[in-house]
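Following: one structure in structure tokens, then a few remarks.
What follows is calculated from the coordinates using simple rules that are stated; it is not laboratory data. Keep in mind that what you see is a predicted model, and the values were worked out from it rather than measured. Methodologically, a virtual Cβ is constructed for each residue, glycine included, from the backbone with ideal geometry; neighbour enumeration extends over all protein chains shown.
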Amino acid sequence: MTTSKRVVLSSDHAAIQLRQAIAVHLARHDWEVIDLGPDKPDSIHYPKQGEAAARLVASGDCRFGIILCGTGQGIMMAANKVRGIRCGVCADTFSARMIRQHNDANMLSIGARVVGEGLALDIVDAFLAASFEGGRHATRVEMITALEV
Ligand code: RB5
């Protein structure tokens, strides 16, 4: 399978169940899933989990990354520190679609304590189905990239 259908999943302890549900959902829809865990409920540090997923996306090994923690916020902040990563937290399908269409996001973050499983799966589907529109949005994404030092 090509990297264009490979997605990396990663979470902290607060989002294990939801991450596993997303993994099953994606595999059913022909995505190759690289799941960085964890599977045990012991408390772990979300920055490490966010960074590990972000590195696989930034290197091109995975086309997209989907990361989760309690709010989705902390792990998103960590992922966005990795050069080349554009990750947004989404709790609705409109935003999930727009961060692909306008911001060319390559990672999606979800708060497992914020959204239920049904909505989370819809958010994932909206994100993966949308495409970057380019044009004036490309100029703006280039401006984001130019902020990387
Ligand atoms: C862990 O308790 C929690 O802080 C974490 O999952 C996340 O919400 C941080 O942003």
**OP:** Report the net charge of residues surrounding Ile16, where surrounding means a beta-carbon distance below 11 angstrom and charges are Lys +1, Arg +1, Asp -1, Glu -1.
**Re:** -2
**OP:** Work through the residues other than Thr139 whose Cβ is under 14 Å from its Cβ and net out their charges, Lys, Arg +1 and Asp, Glu -1.
**Re:** -1
Original post:
Between Ser109 and residues 5 or more places away or on another chain, which pairs have amide H atoms under 5 Å apart, with H built 1.01 Å from N, and which residues are they?
Top reply: Ile67, Gly88, Val89, Cys90
**OP:** Starting with the fewest neighbours, write out His29, His102 ranked by other beta-carbon atoms found within 10 Å of each beta-carbon.
**Re:** His29, His102
Original post:
About the Cα centre of the chain, what is the dipole size in debye to 20, counting +1 per Lys and Arg Cβ and -1 per Asp and Glu Cβ, all else neutral?
Top reply: 260
Original post:
Where does the longest stretch of the chain lie that holds no trypsin sites (Lys or Arg not before Pro) found in a DSSP loop with 16 or fewer other Cβ atoms within 10 Å?
Top reply: 1-80
Subject >> Per-residue [θ]222 nm for the chain (sum of -39500 (n - 2.57) over DSSP H runs n ≥ 4, rounded to 500) >> reply: -13000 deg cm²/dmol
Subject >> Segment Val24-His45, length gained on full extension (0.36 nm per residue, minus Cα span) >> reply: 5.2 nm
